[in-house]
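The values are calculated or read from the model by the stated rules, or taken from the named source; none is laboratory data. Values in this document were obtained by computation on a predicted structure and should not be read as measured data. All Cβ positions, glycine included, derive from the backbone under ideal geometry; neighbour counts span all protein chains shown. Just so you know, the surface numbers come from the protein's heavy atoms only, side chains and all, with ligands and any DNA or RNA stripped out. Shrake-Rupley method; radii C 1.70, N 1.55, O 1.52, S 1.80 Å.
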Amino acid sequence: VQLVESGGGLVQAGGSLRLSCAASGRAFSSYAMGWFRQAPGKERESVAVISWSGESTYYVDSAKGRFTISRDNAKNTVHLQMNSLKPEDTAVYYCAADRPPTIPTIPSKWDYWGQGTQVTVSS
């Protein structure tokens, strides 16, 4: 599975961004998909995860109520809608895929990764 992220950029605090991840390869619909982020000097953390069917989602506490993860299995894409952005959301955001069973909070357990897209939120 190859993953390509897009949609990052510079935005002011309170603004919104929509990240997209395009997947190539077979059996996209059998993978859980997730968005992770890594800020300078910090460990990579899980932001949001969606099950293969889209019926189950996970969000880190700091993202709840502000971010929404979604997927379109017909188009092999997954999105992260980010609203009310804060400077502390600044990081490189990565798309990842994993065969179930999935552990949302442990990045090292995920199978495939994109190259990342930078999100910068100015105060």
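Listed conditions (1) surrounded by fewer than 16 Cβ atoms within 10 Å (Cβ to Cβ); (2) in a loop (DSSP other than H, G, I, E, B) are all met by residue 18, apart from (2).
Here's the yes/no breakdown for (1) at pLDDT 95 or above; (2) in contact with a Lys or Arg (Cβ under 8 Å, 6 or more places away or on another chain):
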{"position": "40", "(1), (2)": "no, no"}
{"position": "46", "(1), (2)": "yes, no"}
{"position": "61", "(1), (2)": "yes, no"}
{"position": "69", "(1), (2)": "yes, no"}
{"position": "87", "(1), (2)": "yes, no"}
{"position": "93", "(1), (2)": "yes, yes"}
{"position": "100", "(1), (2)": "no, no"}
{"position": "111", "(1), (2)": "no, yes"}
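Within the range 22-33, is even one residue part of a strand (DSSP E or B), over 17 Å from residue 105 (Cβ atoms) and modelled with pLDDT of 95 or more? Checked the range 22-33: at least one residue is part of a strand (DSSP E or B), over 17 Å from residue 105 (Cβ atoms) and modelled with pLDDT of 95 or more.
Every listed requirement among (1) of a type outside the set (S, T, N, Q); (2) within 20 Å of residue 118 (Cβ to Cβ); (3) open to solvent by 60 Å² or more (accessible area, probe 1.4 Å) is met by residue 78 save one, (3). Close Cβ contacts (under 6 Å, 6 or more residues apart or on different chains) running from residues in the range 34-55 that are in contact (Cβ under 8 Å) with a residue 60 or more places away in the chain to residues that are loosely packed, with under 15 Cβ neighbours inside 10 Å and not in a strand (DSSP E or B) comprise 46/105. Open to solvent by less than 10 Å² (accessible area, probe 1.4 Å), part of a strand (DSSP E or B) and not hydrophobic (A, V, I, L, M, F, W, C): does that describe residue 93? Taking the combined requirement at face value, the residue satisfies it. Looking at the range 23-42, which of its residues are out of contact with any Pro (no Cβ under 8 Å at 6 or more places or on another chain), of a type outside the set (A, V, I, L, M) and more than 13 Å from residue 100 (Cα to Cα)? Passing the criteria: 24, 25, 26, 35, 37, 38, 40, 41, 42. Could you go through the range 48-71 and let me know if any residue there is surrounded by 16 or more Cβ atoms within 10 Å (Cβ to Cβ), assigned to a strand (DSSP E or B), of a type in the set (Val, Ile, Thr) and in contact with a Cys (Cβ under 8 Å, 6 or more places away or on another chain). No, the range 48-71 has no match at all.
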